[in-house]
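Read the figures in this text as sums done on the coordinates, not as results from a lab. Because the structure is a prediction, the values reported are computed rather than measured. Here the Cβ positions follow ideal geometry from the backbone for every residue, glycine too, while neighbour counts run over all protein chains shown.
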Amino acid sequence: MRKPLMRIPYTDVLAPPTLVPASAASLPGALAALANFLAAPSPRGLPPSAVVLSGAGLSVASGLADYRGVKGTYRVNKSYRPIYYAEFLDSHETRKRYWARSFLGWSSLHKAEPNAGHYALRDLGDLGLIRSVITQNVDSFHPQAHPRLPSLELHGYLRSTVCTSCRGEFSRDQFQDRLARLNPRWAQLLQQALASGALDTEDPAQRRFKGLKSNPDGDVDLPEAPYTTFRYPPCPRTAGILKPAVVMFGESIAASVKTAAEEAIDGAGKLLVLGTSLATYSAWRLAKRAKDRGMSIAIINMGGVRGEDHFFTDLSPGQSGEQAVRVEFATDQLLPALVSELRMGAATATGDGPITDAPRENAFKDMLS
């Protein structure tokens, strides 16, 4: 079997950020800076609206773990290692292990829902301030929360499986049902783990306490039904190998998706980075592209961001968010508060009631400009 050439990037703690502007350390200061950021004209005559680049931190409030946060997978479970694309394709045993892991984890994702941060993006889109979203997340929360605001799922999505031969896509829900029928002992374990709450945490110690034992590499230890016995179905059309419809570690992003992401950056004048450390190159290069185009950049993330000093150079002294913003607040708290602030400000300026729907977007933007 080919050995994976890729390592997991930036699993250690990144340097803490320097807040921009300094007044953004408080919630009112952060809201004022972000309002200025969205209201200011784009630099260099670039398009007026913003594009969002989001990551796992945006979905933490939905009950999903991020990767590099305080309670992220790589911080809490030091032994965790993802399965690489080459391993998955080359090894039947590795696919058993992957689908067993996925079988246990699917229920947590399936019952999770978009949070207030996702819906705030819908509202910012309705106000004409955001034109599109690029997300690294595979949870499908963006298209669920704001179907009218275009979403590009950079790393794919878990809602489907895809055949590596015919490229046909199939429902992950139906695949879960097939796995349960093929693996009744594992299905029983899943029900027990759900009842005990063992799958509600990434912490191996907490999982053991709740009755879900793991071996040293982080996989579930089930002596009565080892991984070698786990069964998974083939493609119903070609009997080919089914994989999750995500970009796995070591797998390349499709050229069409890369192009669409670049076009989304190039079609905006500002970049709003949400809940991501930009640790993956696919995300960082988009932020760098925005910077190289002269776009204004705002970052909302708990904890450090890869190479973030690069994004906040050459700022005018005393700028109060018009050129750049860097804040540390939870997105599910900050973004809804920002929407409320913007709506109240617009209502006060026009003498009307609160602005709540899309038809008012032009008046709103005219008032702020």
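Quick notes on this one:
- Residue-span extension gain [Gln191 to His310] - 0.36 nm each, minus C-alpha spacing: 38.1 nm
- Taking other Cβ atoms within 10 Å as a rough exposure proxy, Leu124, Leu46, Leu58 sort from fewest to most as Leu46, Leu124, Leu58.
- Shape call, region 91-154: gyration tensor on alpha carbons, a/c limit 1.5: prolate
- Spacing of the two label points (7 Å from each Cα toward its C-beta) at Glu262 and Asp177, in nm: 4.2
- Each residue in Thr238, Thr276, Thr161 was given a count of other beta-carbon atoms within 10 angstrom of its own, and listing them fewest first yields Thr238, Thr161, Thr276.
- Between Arg289 and Met344, residue separation times 0.36 nm minus the direct Cα-Cα distance comes to 16.4 nm.
- Burial ordering of Leu19, Leu179, fewest other beta-carbon atoms within 10 Å first: Leu19, Leu179
- Rounded if a/c under 1.5, otherwise prolate or oblate - region 225-294, Cα gyration tensor axes: prolate
- Simple spin-label estimate for Arg237 and His110 gives 2.4 nm between the two label positions (7 Å along the Cα-to-Cβ direction from each Cα).
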